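The values are calculated or read from the model by the stated rules, or taken from the named source; none is laboratory data. Just so it is clear, the model here is predicted, and its values are computed rather than measured. Backbone-built Cβ (ideal geometry, glycine too); neighbour counts: all protein chains shown. Note: areas computed on protein heavy atoms with side chains; ligands, DNA, RNA excluded. Shrake-Rupley method; radii C 1.70, N 1.55, O 1.52, S 1.80 Å.
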Amino acid sequence: MKRIYLFLGVMIPCLLLLATGCDRSEKKAAYQKPKTLTLAVGGEKAEGFDPTLGWGSYGSPLFFSTLLKRDADLNIVPDLATAWKLVDNQLTWIITIRRAVVFSDGSPLSAADVAYTFNTAAAAGGMLDLSNLQRAEAVSDTKVVLRLKQPDITFIQYLITLGIVPARQHDSGFGRHPVGSGPYKLVRWDEGQQMIVAANERYYGGQPFFKRLVFLFAAEDTALAAARAGQIDVLAVSSVMAAQKIPGMKLHVVKSVDNRGLMFPILPNTGKRTPRGLPIGNDVTADIAIRKAVNYAVDRKALVTGVLDGYGRPAFGVADNLPWDNPQIRFKDGDPERAVKILEKAGWVDSNGDGIREKDGKEAEFTILYNVRDRLRQGLAIAVSDMLKPVGIKAVPRGENWDRIKKETHANVVVYGFGGHTPLEMYSLYHSPGPEPMYRNAGFYSNPVVDSYLDQARKAASFAESIPMWKKAQWDGKTGFSVPGDAAWAWLVNLDHTYFINQRLNVGKSQMEPHGHGWPITANIDQWKWN
Amino acid sequence: MFTIIKFLFLKTTRLALLIAAVAVLSFVLVSNSPIDPVDAYAGAAILNISPEQRDIIAQRWGVDKPPIERFLTWAGQLVQGDFGVSAIFNEPVLDVISKRFITSFWLMALAWSFSGALGFGLGLTAGAWEGSLIDRGIRIYAYTMASTPTFWVGIVLLMVFSVFLSWTPTCCAWPIGMSADQATIWQRLHHLLLPVITLSLIGIAKITLHTREKTIEAMHSDYAIFARAQGESTIGIVLRQAVRNVALPAVTLQFASLGELFGGAVLAEQVFAYPGLGRATVEAGIGGDVPLLLGIVLISTVFVFTGNSVADFIYQLVDPRMRKVAGSSS
């Protein structure tokens, strides 16, 4: 339908122009394709598009620009900042920003806006945790100083993700009327339905090819129906749906660190509880032999084929293929013989012939909890359980809702999924936990050597210098939290994110995507074009 | 005149009591819900949020205080007409509701009128020709619909009319990429069509079955038999004798179904991605947004209560006997 209008819209003026003898515009019109894209990739933020509350931390911040950004290979490159350094024992960031940058309403962007954004975000109580920020100050129009309470290199993540807002316009309704210095500006937002954005002609980074974007916020089934009706150019679909054909669209598969894995409780059950009364510990998974045996027995390739329909790749760590991933932690899996050897050596034998091994009168049995609403996690839990049976470990999958899982997480194996573009996640999952860790190291894993590497990594003088420390925390040749070491988790798979895109659309090279399927594909949207 | 004032006074007192009871009850229910709003808010980014930051978020929403204190603060604001600020939408609850109510209102109003008129007509027809082929057809339809979930009907209609036939749009309240004021009234009606049909199809069942029963009763009554003895045709008896007697229970039922309509709209809006109050309710529930959920509960209480009161009022207009009863008791 759209094409017919376009055709008429192009042909009729052309004929008129031809009649008046103007042929120059005819040539031009013949090559013109619509510069509008319709996307159904989610991304609606009910509370509005306010970066100080955490909008834009995945994918393109769209209306905003950030001090630094990550390129397609996840290297840190400048955006608003032209120079940055970390001084004063890693406690002070000194950042110089571009001159002559303006917001989409024409007002200038100065260092004062940057300082305002950081100070506001720290106090706002949103999804960004800037509690380590002491104070941000603008020392000149183009220079801003961020003072930290403690040295922490992972703070750089906020330089990469926090979109700069104009101090003057920023009020409680800002999220519904965002004004920024990014490639696009908001035209209108019909809450719960769609968002229309247009190219920001004042953007300093070069004009995007697509002048107008329509984001449709609809459930997957509805969006799929709209795509079949030819109304959508980019559609995020779960991998279960990826096998079908949609006329005029092709499948675009993006690798991700959107991982799924089994968290093991590391402490034995001594009746201890957290301050809130949640039980801690599991006698079976407290044995490193069990944890290693699970890791070796599971066939991750089979999980990818069987559960993910092939849209994924085996996972061995929390940050596979990210710059801080240690390749030495890979091992040969799907190896039940090795699992059996480990178990027997540790004293787990099947003495009563029921197919399940015992040690000191304890059966090698544990529960795998998974979010009951997530079919993928259910599939993983069941498949893993089947793979463990032959080696004599009984793993009982049990679906629960999150609030129930939260109460039992310190005493049971749980299928979790994480995967972000910051090594802070690694720290949260593996550093010795506080008394009430919740999801942060729910298994109470603790290794002083790993702790020291993680602490050193955070105190590093630059992001590049922190990387060897992150790698050593995983495995330093002797110890580490990964499978050659303490095997604190059994990571299973990294999902592939599947999209249907218009056959003519060129989306360039997509970043390795974080947890969250949909919006992250917009990371390089200002470089998309028609083929 | 005095009766009307008394009627209104009684109704208002009852409404106030009802609101107080509903407010307390729903607050107790919601604050005992296992959903942690901070977890729901942070999602997978939870690992990057330290316990200190959790406290800051909880403070912003006021969920760090004990339930009784929260209730008193909330109730105190409510008395002054302030419904509080929605946690997930980060804007005043009344703004959130009013934006969505208009969209939902048209959907519900149309569905309600269609299902009422059609259901009444079908019920009368079925009842008047009891046992006939047409009665059986209507009955089978009504029983089937009475036991079919709304969302399922919605999905089937969507598959047939939007995907296979492309007669109706797949989603939204107006065409994708257009703004509300660019869309013509026809486009908006076009987008309303399928959700309205879904809701109506389901809503018809109950009123049809009840009207049918009442019509059969009326057709067997002395006055109907007498009329027939005088040579009145079946249609004549239905139109002149039965309708007025059947109308009363139908009105009660139709107004009492406002509550169900609300529930049905929640599901239909989910299926058709229609951005009304129903979707906001679901989001508020999943996100543990107490002020918004309570706001919606209260508004819908008033809505349903008003509906029932209108029914009470209409009785007195439709049925002269009710006026007498009300009059004699004063």
For the stretch B:40-62, how many residues meet the condition of being among the acidic types (Asp, Glu) and either crowded, with 20+ Cβ neighbours inside 10 Å or at the interface with another protein chain (Cβ under 7 Å from one of its Cβ atoms) (or both)?
1
Within the stretch B:157-169, the residues that are without any contact (Cβ under 8 Å) to a residue 24 or more places away in the chain and at the interface with chain A (Cβ under 7 Å from one of its Cβ atoms) are B:Val163, B:Ser166
Please list, ordered by residue number, the helices (runs of 4 or more DSSP H) wholly in the stretch A:334-427 having 2 or more residues that are in the same structural domain as A:Tyr453 (by TED's automatic domain parsing) and more than 16 Å from A:Gly261 (Cα to Cα).
A:336-345, A:402-408
Yes or no: B:Phe83 more than 9 Å from chain A (Cβ to nearest Cβ), closer than 25 Å to A:Trp189 by Cα and not aliphatic (A, V, I, L, M)?
yes
Residue list for the stretch B:185-209, restricted to those being in contact with a Leu (Cβ under 9 Å, 6 or more places away or on another chain) and of a type in the set (S, T, N, Q)
B:Thr198, B:Ser200, B:Thr208
Need the failing condition index for A:Leu130 against (1) modelled with pLDDT under 95; (2) of a type in the set (A, V, I, L, M, F, W, C); (3) open to solvent by 30 Å² or more (accessible area, probe 1.4 Å), just the number.
(3)
Those residues of the stretch B:265-276 that are open to solvent by 10 Å² or more (accessible area, probe 1.4 Å) and more than 9 Å from every other protein chain (Cβ to nearest Cβ) come to a total of 2
Over 21 Å from the mean Cα position of the chain (by Cα) and over 30 Å from A:Gly516 (Cβ atoms): is that true of B:Val38 in this structure?
no
What tally of residues in the stretch A:95-127 results from selecting those that are open to solvent by 40 Å² or more (accessible area, probe 1.4 Å), in contact with an Asp or Glu (Cβ under 9 Å, 6 or more places away or on another chain) and in contact (Cβ under 8 Å) with a residue 24 or more places away in the chain?
3
Just one of B:Ser98, B:Ser104 is within 14 Å of chain A (Cβ to nearest Cβ), open to solvent by less than 20 Å² (accessible area, probe 1.4 Å), part of a helix (DSSP H, G or I) and under 30 Å from B:Phe27 (Cβ atoms); which is it?
B:Ser104
What number of residues within the stretch A:154-183 satisfy the criterion of being within 14 Å of chain B (Cβ to nearest Cβ) and within 24 Å of the chain's Cα centre (by Cα)?
10
Looking for something within 25 Å of the chain's Cα centre (by Cα), within 26 Å of A:Tyr311 (Cβ to Cβ) and in contact (Cβ under 8 Å) with a residue 12 or more places away in the chain - is there at least one such residue anywhere in the stretch A:346-369?
yes
Look at A:Arg440 and say whether it is within 26 Å of A:Met512 (Cβ to Cβ) and among the charged types (D, E, K, R).
yes
Single residue of B:Ala242, B:Ala227 found to be in contact with a Gly (Cβ under 9 Å, 6 or more places away or on another chain), free of Cβ contacts under 8 Å to residues at least 60 places away in the same chain, open to solvent by less than 80 Å² (accessible area, probe 1.4 Å) and not polar (S, T, N, Q):
B:Ala227
Output the residue which, of all residues in the stretch A:381-394 that are in contact with a strand residue (DSSP E or B) (Cβ under 6 Å, 6 or more places away or on another chain) and of a type outside the set (Ser, Thr, Tyr), is surrounded by the most Cβ atoms within 10 Å (Cβ to Cβ).
A:Ala381
Residues (closer than 24 Å to A:Ile467 by Cβ and either of a type in the set (Phe, Trp, Tyr) or within 14 Å of chain B (Cβ to nearest Cβ) (or both)) located in the stretch A:60-90:
A:Trp84
B:Ala126 meets each of (1) more than 12 Å from chain A (Cβ to nearest Cβ); (2) without any contact (Cβ under 8 Å) to a residue 60 or more places away in the chain with one exception, condition (2)
So if I check each of B:Pro67, B:Pro34, which one is at pLDDT below 85, at the interface with chain A (Cβ under 8 Å from one of its Cβ atoms) and surrounded by fewer than 17 Cβ atoms within 10 Å (Cβ to Cβ)?
B:Pro34
For the stretch A:157-184, name all the residues that are assigned to a helix (DSSP H, G or I), open to solvent by less than 10 Å² (accessible area, probe 1.4 Å) and over 25 Å from B:Ile88 (Cβ atoms).
A:Leu159
Can you name every one of the strands (runs of 3 or more DSSP E) wholly within the stretch A:185-295 that holds 2 or more residues which are within 13 Å of chain B (Cβ to nearest Cβ) and under 30 Å from B:Glu91 (Cα atoms)?
A:194-199, A:212-216
Subset of the stretch B:241-282, residues more than 11 Å from the chain's Cα centre (by Cα), of a type in the set (Gly, Ala, Ser) and not in a helix (DSSP H, G or I), comes to B:Ala273, B:Gly276
Pair list, Cβ under 9 Å, 6 or more apart: the stretch A:384-408 residue within 14 Å of chain B (Cβ to nearest Cβ), other residue of a type in the set (Ser, Thr, Tyr):
A:Glu400/A:Tyr370; A:Asp403/B:Ser33; A:Ile405/A:Tyr370; A:Lys406/A:Tyr439; A:Glu408/A:Thr367
Going by what's in this entry, would B:Val196 be described as in a helix (DSSP H, G or I) and either without any contact (Cβ under 8 Å) to a residue 12 or more places away in the chain or in contact with a His (Cβ under 6 Å, 6 or more places away or on another chain) (or both)?
no
Among the residues of the stretch B:21-29, is there at least one that is of a type in the set (Ser, Thr, Tyr), within 14 Å of chain A (Cβ to nearest Cβ), part of a helix (DSSP H, G or I) and within 27 Å of A:Asn371 (Cβ to Cβ)?
no
Of all residues in the stretch B:214-233, which are in a helix (DSSP H, G or I) and farther than 15 Å from B:Gly121 by Cβ?
B:Ile216, B:Glu217, B:Ala218, B:Met219, B:Asp222, B:Tyr223, B:Ala224, B:Ile225, B:Phe226, B:Ala227, B:Arg228, B:Ala229
A:Pro208 being touching a residue at least 24 places away in the same chain (Cβ under 8 Å), in the same structural domain as A:Val413 (by TED's automatic domain parsing) and crowded, with 17+ Cβ neighbours inside 10 Å
no
Number of the condition not met by B:Ile88 [criteria: (1) under 24 Å from A:Gly173 (Cα atoms); (2) more than 8 Å from chain A (Cβ to nearest Cβ); (3) open to solvent by less than 80 Å² (accessible area, probe 1.4 Å); (4) β-branched (Val, Ile, Thr)]:
(2)
